[in-house]
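Data block below; observations after.
We did not get these values from a lab; they are worked out from the coordinates using the rules stated. Quantities reported herein were computed from a predicted structural model and do not represent experimental measurements. Because the Cβ atoms are built from the backbone with ideal geometry, glycine has one as well, and the counts that use them run over all protein chains shown.
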Amino acid sequence: MRLLHYFALSEVSDGKVYHRAGAHADWDFLTLLFHRDGQDGLEICPGRELVTEFGTGDEWTKVKARTGEVVCNIGDLLMSWSDDRFKSTFHRVKAPCEPGDYFGDRYSIAYFNQPCKDSLTQGPLKKYPIVTGAQFTDTAMKRNFAALQEKLKTVAAA
Ligand SMILES: O=C(O)CCC(=O)C(=O)O
Ligand SMILES: [Fe+2]
């Protein structure tokens, strides 16, 4: 479970668009997101053909934050377990940076459903090799860490 507090920002704009959580897919089975009325920012790009690649350029949909509603994001484990029938939900959190955005404090709860370490998963079509929960999580963490290292290199070189 992740308890997120995105701090309030002053209502200034330099004309650029920023994100406080970059585009990503979660590597769990299913993420349940809880927001508060009016604290918008989440944008989703569902149905993307990927297992956690950090791409850009697709169509993004803004999700209205509402108290009492639960946003369910498909994670990479459900994607591979379903032999890619259900695609991971690519998502990001926009920073308030344009007129009309919500600039106040934003609270969000992300409940990540992770597999037990010794559980075994494989889809009915056996598209991917059978893995334990521990192997799946370990691979996902290493892949994300490698992607982050690559990104840092690009930023450092710029
Ligand atoms: O704050 C949100 O609405 C999303 C957070 C999120 O995507 C994450 O923690 O993985
Ligand atoms: Fe996420």
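Projecting the Cα atoms of PHE136, SER80, GLN149 onto the charge dipole of region 2-157 (Cβ charges, centred on the Cα centre) puts PHE136 farthest toward the positive pole. The phi-based Karplus calculation (6.51 cos²θ - 1.76 cosθ + 1.60; θ = phi - 60°) puts the 3J(HN,Hα) values of region 89-98 at 7, 6, 8, 7, 10, 6, 7, x, 8, 10 Hz, whole numbers, x for Gly and Pro.
Against the chain, whose longest principal axis is taken from its Cα atoms, helix 133-157 shows a tilt of about 40°. Take every pair of alpha-carbon atoms less than 8 Å apart whose residues are at least six positions apart; their mean separation over the length of the chain yields a relative contact order of 33 percent.
Considering Cα pairs under 8 angstrom that are at least six residues apart, work out the relative contact order of region 95-152 and quote it in whole percent. Answer for region 95-152 is 22 percent.
Amide H contacts for LEU30 (H built 1.01 Å from N in the peptide plane; partners 5 or more residues away or on another chain; cut-off under 5 Å): GLY75, ASN113. If you take the Cα centroid of region 79-158 and the Cα centroid of region 23-43, the two points sit 12 Å apart.
Note down the magnitude of the dipole of region 2-157 about its Cα centre, charges +1 on Lys and Arg C-beta and -1 on Asp and Glu C-beta and zero elsewhere, to the nearest 20 debye. If you can, show how the numbers build up before the last one.
Values: 20 positive and 21 negative charges, 58 e Å.
About 280 debye.
On a full-extension model of 0.36 nm per residue, what is the gain between ASP84 and GLU150, subtracting their alpha-carbon distance, rounded to one decimal in nm? Mind showing how you got there, number by number?
Values: separation 66, 0.36 × 66 = 23.76 nm, distance 2.60 nm.
Contour length minus the Cα-Cα distance gives 21.2 nm.
Distance distribution P(r), region 2-157, all Cα-Cα pairs, bin width 10 angstrom from 0: 10, 35, 35, 17, 4, 0 percent.
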